[in-house]
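**Student:** Would you mind keeping the following structure in view while I ask a few things?
Only the coordinates and a few stated rules stand behind these numbers; no lab work does. Values in this document were obtained by computation on a predicted structure and should not be read as measured data. Here the Cβ positions follow ideal geometry from the backbone for every residue, glycine too, while neighbour counts run over all protein chains shown.
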Amino acid sequence: MLFVGTHDRQLDDKGRLALPAAFRPQLGEHCYLAFGIDTCIEVIPTEAFEAMADELIAKVERGEVSRHRQRFISGSATLASIDKQGRIKVDDKMRAWAGLRTDDTVIVSGNYRVIEIWAPERHQQMQAQGAAELVGDLDFDLDADLDADLDTTDLTDATRLD
């Protein structure tokens, strides 16, 4: 199964975050939280995390990846329990890594095999970069282009049956 979609969520005053209902069955009772690339937090299903760890260990043994990287990844990861309300606890070090504050809105986004938790500003930047790559224009402004596309006066003129 894949994680897809983007959801706005609230990080409560205790650092708890309710995961989207669509994501919960794929996680079971536990998951791993890890520092993600681009300073997000990755939520990784237990089996997937264990497979990633086995792959990383093998790469270290073959000399393809440094032990420093292995230590950083294993040292930053935490096993998280999912409570009956579908919440996970995002600890202080994870929140600091991702620039999250309690009582603020966060973005929970599926990225196929993992779930990512983002500060809204960082997520918007990543989305704009992805959109720019998709259309091949590094100056692409997603919000401005969407606003221009939704100009109803152009739509009304184009659909008149004169």
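**Student:** Quick one: length gained pulling residue 68 to residue 12 fully straight, 0.36 nm per residue minus the C-alpha distance?
**Tutor:** Working: separation 56, 0.36 × 56 = 20.16 nm, distance 3.35 nm.
Full extension of this stretch gives 16.8 nm more.
**Student:** So for 27, 79, 33, fewest C-beta neighbours within 10 Å to most, what's the order? All intermediate terms of the calculation are to be shown ahead of the outcome.
**Tutor:** On the way: 27 21, 79 10, 33 25.
By the 10 Å Cβ count, ascending, the order reads 79, 27, 33.
**Student:** All other residues with a Cβ under 9 Å from the Cβ of residue 19 taken together, and with Lys, Arg as +1 and Asp, Glu as -1, what is their net charge?
**Tutor:** Values: positive: 9, 24, 87; negative: none.
Net charge in that neighbourhood comes out at +3.
**Student:** When 7, 30, 123, 68 are ordered from fewest to most other Cβ atoms inside 10 Å of their Cβ, what list results?
**Tutor:** Numbers: 7 16, 30 13, 123 21, 68 9.
Ranking 7, 30, 123, 68 by Cβ neighbours within 10 Å, fewest first, gives 68, 30, 7, 123.
**Student:** If R₀ is 22 angstrom, what is the calculated FRET efficiency for the pair residue 57 and residue 81, using the beta carbon separation as r and rounding to 0.05? All intermediate terms of the calculation are to be shown ahead of the outcome.
**Tutor:** Working: r = 25 Å, r/R0 = 1.12.
Efficiency for this residue pair is about 0.35.
**Student:** Here's a follow-up. Within a Cβ distance under 12 Å of residue 81, other residues only, what is the Lys/Arg minus Asp/Glu net charge?
**Tutor:** Here the count lands on +2.
**Student:** Okay, next question. Which of the lysines could a cross-linker bridge to residue 93, judged by Cα under 23 Å and excluding same-chain residues fewer than eight apart?
**Tutor:** 14
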